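Here is the structure we will look at, set down as structure tokens.
The values are calculated or read from the model by the stated rules, or taken from the named source; none is laboratory data. Because the structure is a prediction, the values reported are computed rather than measured. All Cβ positions, glycine included, derive from the backbone under ideal geometry; neighbour counts span all protein chains shown.
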Amino acid sequence: MSSEVSLIDALRSMIGGNTLLKAGRAGKPHFRHFRLSPDLLRLQWESPKKNLGESSVLVAEISEVLKGQQTRVFQSNRMPEFEERSFSIVYQGNRTLDIICKDRREHDVWISGLQALVNRATGDIDLSQLRATAPETDQKLQVVIDKGSTRVLIREDASDVYTWGEGTRGMLGHGEEDPEASPRVVEALLGHDIKMLCLGSGHTMALAVSGEVYSWGLGLGGRLGQGRERDRFTPLRLAGLRGFDITHIACNENHSVAVADNGEAYVWGRGIDGSLGVEGDKHVSPTQIHALDGKRVVHAACGAAFTLFVIESGEVYACGNNEHGQLGIGSNEAMSEPTLVTNLPERIVRIACGNSHAVALSETGRLYAWGAHSSGQLGVGEPLEDRLSPVRVESNVVRDDVADFACGGNHTIILSNSGLLYAFGSGAQGQLGLGPLATKNQATPAALPNPEGRKYTAISCGQDISAAVSDRGKIYTWGSGASNALGLPDGRTKYAPTLIESMADKRCRTVACGFFHMAATIIHGWVPDDEATQCMACKLKFTTIRRRHHCRKCGGIFCGNCSAKKFPLLEAGFSESVRVCDKCYVILSRA
């Protein structure tokens, strides 16, 4: 997160609420869910012995906000490892609320908002706007009050990563080049709470809840952004983005892009026909696109040799190869700097790119497409010719608004608000999911057969493969079975969504497709004992003497020697020290 927190954003976050650790005047610290009232007049928190409205402090009664652990309550129950995440609210003279946050981001939000409230700096704020946009911001913990005790549950942003398919150049992140026919957990990312994945033809990227970016796989052309072109067989954090809170990532075969919370966009890799939007045809480290300074980028997507950016105003900018009109600027001229897509009639909120086509979603739920249409991948019907400017995707088949969409190499899939799937474009490898008889080009949206009445919540498309997540957290894949990219044991092409049965006991959040491999974020949980026959650190086999121990941070399984240390994990709901592996202990100690 950037060092400065917007007051509006801080107040919205506080109204949404967070689960914070409250130091006790007598007794152990305990988690409580704190929330600022929408009228900004009262700070409320849940208590097992009181109703929400009865556990509160009037903002007018707050005289001071102290950083660190300065009060008598903290002095009698010091936790120095959380000094920089602590603060105290002084109210009614000398009473204090003594709080520890889960991370520095949360701390900065509450300090910024509380200081503004105490200094009466909120008088010009439109309260109706705050009430309309305040989110449920606590993405990690929720508190359940039950018979006087507090139970803290992990929320769904705590996710592990599983990968499968082709493993060449380490693109699966398992430390080797072996392919994986079934999903396998990426041990190096256990406990890092990954929220987003994107896959190229030979590399993979992951975005953590913390805003950190990891990459691994083929390093040719600098596509990993690690400062050199060497391959990486396990995930490595991008040092060039350290200090930035990254909110979105995207990649394709040769290049990658990241969007920061301050609206800046960074690119790296090999730039073909100006696809990076910066000078030079190769950058091995993240490089800011200064041509977009002042535009505040909120979303981006990468095609095979072009890149699109959505800015906060809803405009789209494009750069790179334009042989098929994929830049949407009304011509076939390539652009080395981001250029405005001028013929979009509405504000755009999201975009996706295939090899040479693009699809955009407007704020009203309408789809627009442009670029290559030789396989029907734009969904705009006949003739199968390139479109140099945006064209609305209209269909009598899709009867409700679009919730999500994804572009493969030469196909596109739509997810409706009702959880149904629609596909168009090339179906030669079964990637449309329309059945074994529907392998020709489909020029307009067609509904995927759904005899089980299944509803989906997330989708992704790769070169000739597709995947979706059901509302029950199950993963379904279809398309080319080459390289075991579908995660199915028979390795065959599938013409309809097919369940990955080996993951049926887990709950998936998101799935991502590359050219020959896939990845998924799975709601964090313990690694089952039968998935580990050896310590995940020293690799020694477990025996009756060398027993299994779970790390409470990453959920991995370790021997006693590699998990002997303890640490209080606030983000996981532990206020007392619990067993963690050596790697997690080092990470936690440095935080």
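G525 passes every criterion in (1) modelled with pLDDT of 85 or more; (2) surrounded by fewer than 23 Cβ atoms within 10 Å (Cβ to Cβ) apart from (1). When K553 is tested against (1) surrounded by fewer than 21 Cβ atoms within 10 Å (Cβ to Cβ); (2) in contact with a strand residue (DSSP E or B) (Cβ under 6 Å, 6 or more places away or on another chain); (3) modelled with pLDDT under 90, just one condition goes unmet, and that condition is (1). Of all residues in region 437-457, those satisfying the criterion of being hydrophobic (A, V, I, L, M, F, W, C) and over 30 Å from the mean Cα position of the chain (by Cα) are L437, A438, A443. Residues in region 343-392 that are on the phi > 0 side of the Ramachandran plot, surrounded by fewer than 18 Cβ atoms within 10 Å (Cβ to Cβ) and over 26 Å from the mean Cα position of the chain (by Cα): G381 alone. Here K539 fulfils each of the conditions (1) of a type in the set (D, E, K, R); (2) more than 30 Å from F405 (Cα to Cα); (3) assigned by TED's automatic domain parsing to the domain that holds I413 apart from (3).
For (1) out of contact with any helix residue (DSSP H, G or I) (no Cβ under 6 Å at 6 or more places or on another chain); (2) outside any strand (DSSP E or B); (3) under 27 Å from R296 (Cα atoms), each residue gets a yes or a no:
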residue	(1), (2), (3)
S201	yes, yes, no
A206	yes, no, yes
G221	yes, yes, no
L224	yes, yes, yes
G227	yes, yes, yes
P235	no, no, no
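Could you tell me whether any residue of region 328-342 is touching a residue at least 24 places away in the same chain (Cβ under 8 Å), at positive phi and not in a strand (DSSP E or B)? Among the residues of region 328-342, at least one is touching a residue at least 24 places away in the same chain (Cβ under 8 Å), at positive phi and not in a strand (DSSP E or B), which makes the answer yes.
Which of the residues that make up region 254-287 are of a type in the set (S, T, Y) and surrounded by 24 or more Cβ atoms within 10 Å (Cβ to Cβ)? Steps first, please.
We begin by selecting, within region 254-287, every residue of a type in the set (S, T, Y); these are 256, 266, 275, 285, 287.
Listed by number, the residues that qualify are S256, Y266, S275.
Of S483, S418, S460, S375, all but one fail to be assigned to a loop (DSSP other than H, G, I, E, B) and under 26 Å from S201 (Cα atoms); the exception is S375.
Which residues, counting only those in region 491-505, are touching a residue at least 60 places away in the same chain (Cβ under 8 Å) and of a type outside the set (G, A, S)?
At the first step, the residues of region 491-505 found to be touching a residue at least 60 places away in the same chain (Cβ under 8 Å) are 491, 493-497, 500, 502-503.
Hits for region 491-505 are T493, K494, Y495, P497, I500, M503.
Could you tell me whether any residue of region 451-460 is crowded, with 18+ Cβ neighbours inside 10 Å and in contact with a helix residue (DSSP H, G or I) (Cβ under 9 Å, 6 or more places away or on another chain)?
Applying the first criterion (crowded, with 18+ Cβ neighbours inside 10 Å) to region 451-460 yields 454, 456, 458-460.
Checking the rest, the ones that are also in contact with a helix residue (DSSP H, G or I) (Cβ under 9 Å, 6 or more places away or on another chain) come to none.
There is no residue in region 451-460 that is crowded, with 18+ Cβ neighbours inside 10 Å and in contact with a helix residue (DSSP H, G or I) (Cβ under 9 Å, 6 or more places away or on another chain).
Hey, does region 178-192 have a residue that's acidic (D, E), free of Cβ contacts under 8 Å to residues at least 60 places away in the same chain and out of contact with any helix residue (DSSP H, G or I) (no Cβ under 8 Å at 6 or more places or on another chain)? Yes, some residue in region 178-192 is acidic (D, E), free of Cβ contacts under 8 Å to residues at least 60 places away in the same chain and out of contact with any helix residue (DSSP H, G or I) (no Cβ under 8 Å at 6 or more places or on another chain).
Residue-by-condition table, conditions (1) under 29 Å from P383 (Cα atoms); (2) of a type in the set (D, E, K, R); (3) outside the structural domain of A406 (by TED's automatic domain parsing):
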{"residue": "E452", "(1), (2), (3)": "no, yes, no"}
{"residue": "V469", "(1), (2), (3)": "no, no, no"}
{"residue": "G473", "(1), (2), (3)": "no, no, no"}
{"residue": "W478", "(1), (2), (3)": "yes, no, no"}
{"residue": "C508", "(1), (2), (3)": "no, no, no"}
{"residue": "V511", "(1), (2), (3)": "no, no, no"}
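State which residue is modelled with the highest pLDDT when the search covers only region 237-273 and only residues that are of a type in the set (D, E, K, R) and within 17 Å of V298 (Cβ to Cβ). Of everything passing the filter in region 237-273, E264 is modelled with the highest pLDDT. Give me the residue from region 4-52 that is among the acidic types (D, E) and modelled with pLDDT under 85 and, out of that set, surrounded by the most Cβ atoms within 10 Å (Cβ to Cβ). So, considering only residues that are among the acidic types (D, E) and modelled with pLDDT under 85, the one surrounded by the most Cβ atoms within 10 Å (Cβ to Cβ) is E46.
All of G200, G227 fail the test of being touching a residue at least 12 places away in the same chain (Cβ under 8 Å), farther than 27 Å from C535 by Cα and surrounded by fewer than 23 Cβ atoms within 10 Å (Cβ to Cβ), apart from G227. The residue of region 438-457 that is nearest to G419 (Cα to Cα), among those that are among the hydroxyl-bearing types (S, T, Y) and outside any loop (DSSP other than H, G, I, E, B), is Y456.
Quick check, is T544 crowded, with 21+ Cβ neighbours inside 10 Å and not hydrophobic (A, V, I, L, M, F, W, C)? Spelling it out, it is not the case that T544 is crowded, with 21+ Cβ neighbours inside 10 Å and not hydrophobic (A, V, I, L, M, F, W, C). Candidates are the residues of region 317-327 that are at negative phi and touching a strand residue (DSSP E or B) at 6+ places or on another chain (Cβ under 6 Å); the one that is surrounded by the most Cβ atoms within 10 Å (Cβ to Cβ) is L327.
Among the residues of region 383-395, none qualifies, meaning not one is out of contact with any Phe, Trp or Tyr (no Cβ under 8 Å at 6 or more places or on another chain) and more than 25 Å from A318 (Cβ to Cβ).
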